[in-house]
Amino acid sequence: MHWMWKDKTHSKTDWIECNTCRCWWHCSCAGINNKDSIKYTTYHIKYSCAFCIIRKENIFERATNITKTVDNQLNNTNKVYPTPQTTVNDTNQSSQQSIDITCKPKQRPFKEVTGDILIVDNIKEPEKCKTSTDIRKEISKKEKGSNIIQFSYKLPLGGIALHFPSSEEKKKFKERDAKEVFGEDSVAHNPASHYHKQNIIGFAKNIPLNLNLDKLKSEIEYQTGGNISEICRLHFWDTKRPMKVVKIFFDSPSDLDKSLDIEIANVSNNITQKIKVEKKRNIKFIRGQKTLSQLWIKFLLRNFLYKASYL
């Protein structure tokens with residue numbers, strides 16, 4: 001290999017000679033910068049140009065095989081490939097036996113996958129659940145079967161996600177170990193995308209104001225076998241006074257269907273009354289004349305004070 005530092009055309013252009021074909025190349029055309037050219041000169045590295053590399057037999061054959069493979073794939077575009085519901089007939093030439101093979105998808109549907117995911121919010125010590133290793137370590141302190149969790153990770157907006165092998169394992173952990181591991185104030189629930197919210201929300205009316213909602217929640221779960229993630233009482237939008245209407249968030253649509261028409265004992269005075277849970281809020285409230293007049297007086301007074309502030 002020889003270097004020629006004086007260019008035939010320009011004094012600042014460096015040249016390099018190919019060790020195989022003895023052709024001269026601009027260093028810039030060969031992809032060699034000034035730093036690399038010093039290494040070639042210092043360590044006497046032999047340079048081969050791109051054409052000499054391509055002319056080598058093994059590289060040429062490999063490129064030819066790749067080209068043939070691509071051509072074959074393009075020619076077989078009309079070939080029918082098996083789908084998850086396609087049955088392929090495979091014939092063994094030696095035994096002449098026909099075998100039907102059904103191609104099954106490996107990936108489960110989205111709804112089926114999200115059914116095994118548990119979201120935990122309001123964790124007592126979130127700094128201890130930053131990574132998957134930290135989450136598993138916290139679970140292993142309370143529960144020996146932490147290996148049942150397939151994946152665990154922190155969510156961008158707060159909380160963590162736990163993937164279980166089945167919905168049964170998820171239900172066991174949620175009922176038995178979730179609050180013990182992540183604190184009494186923690187909330188374990190399904191992903192928001194698992195079910196449409198309208199399919200898991202129920203409304204119950206004629207609920208006494210002195211009725212304990214936690215006891216009502218426990219009684220509904222006990223009688224129906226379903227799970228309730230949250231229960232709250234509705235309030236009037238203007239006066240903020242509580243209504244005799246309760247909004248119930250169920251874990252799944254099936255849990256809501258189980259609770260549509262049940263009889264439950266009133267926890268406060270042991271009176272059995274029929275509580276009807278509805279999917280939609282078909283409840284109308286008609287205020288008395290006294291309430292309407294109070295609102296009208298309140299509106300006039302507020303309007304008067306607003307105008308008086310500009311006088």
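None of the figures in this text is laboratory data; all of them are computed from the coordinates on show. No experiment lies behind these values; they were computed from the predicted model shown. When we count neighbours, we look across all protein chains shown, and the Cβ atoms used for this are built from the backbone with ideal geometry, even at glycine.
This ranking places C27, C129 by how few other beta-carbon atoms lie within 10 Å of each, fewest first, which gives C27, C129. Fully extending the segment from D185 to H26, taken as 0.36 nm per residue of separation minus the present Cα-Cα distance, adds 50.1 nm. Here N33 and E61 are evaluated by their C-beta separation; at R0 = 30 Å the FRET efficiency comes out at 0.40. Fully extending the segment from M243 to N206 would add 12.4 nm, taking 0.36 nm per residue of separation and subtracting the current Cα-Cα distance.
The distance from the alpha carbon centre of region 12-54 to that of region 235-267 is 81 Å, rounded to a whole number. Residues whose amide H comes within less than 5 Å of that of S259, counting only those at least five positions distant or on another chain, are absent (H built at 1.01 Å from N in the peptide plane).
Counting every other Cβ atom within 10 Å of each residue's Cβ, Y43, Y153 order from fewest to most as Y43, Y153. Compared with the direct C-alpha span, the chain from T133 to L155 gains 6.5 nm at full extension, assuming 0.36 nm per residue.
From the cross-link list K205/K240; K142/K247; K171/K274; K172/K217; K35/K56, which pairs have alpha carbons spaced over 25 Å apart? Long pairs (Cα-Cα over 25 Å): K142/K247; K171/K274; K35/K56.
Computed from Cα atoms alone, the Kirkwood hydrodynamic radius reported for region 110-189 is 12.4 Å.
Once the C-beta distance of F236 and E175 is scaled by a Förster radius of 41 Å, the resulting FRET efficiency is 0.70 to the nearest 0.05. Label-to-label distance, C52 versus Y222, with points set 7 angstrom from Cα along the beta-carbon direction: 9.0 nm. Each of W237, W24, W296, W15 was scored by other Cβ atoms within 10 Å of its Cβ. Arranged with the fewest first, they read W237, W296, W24, W15.
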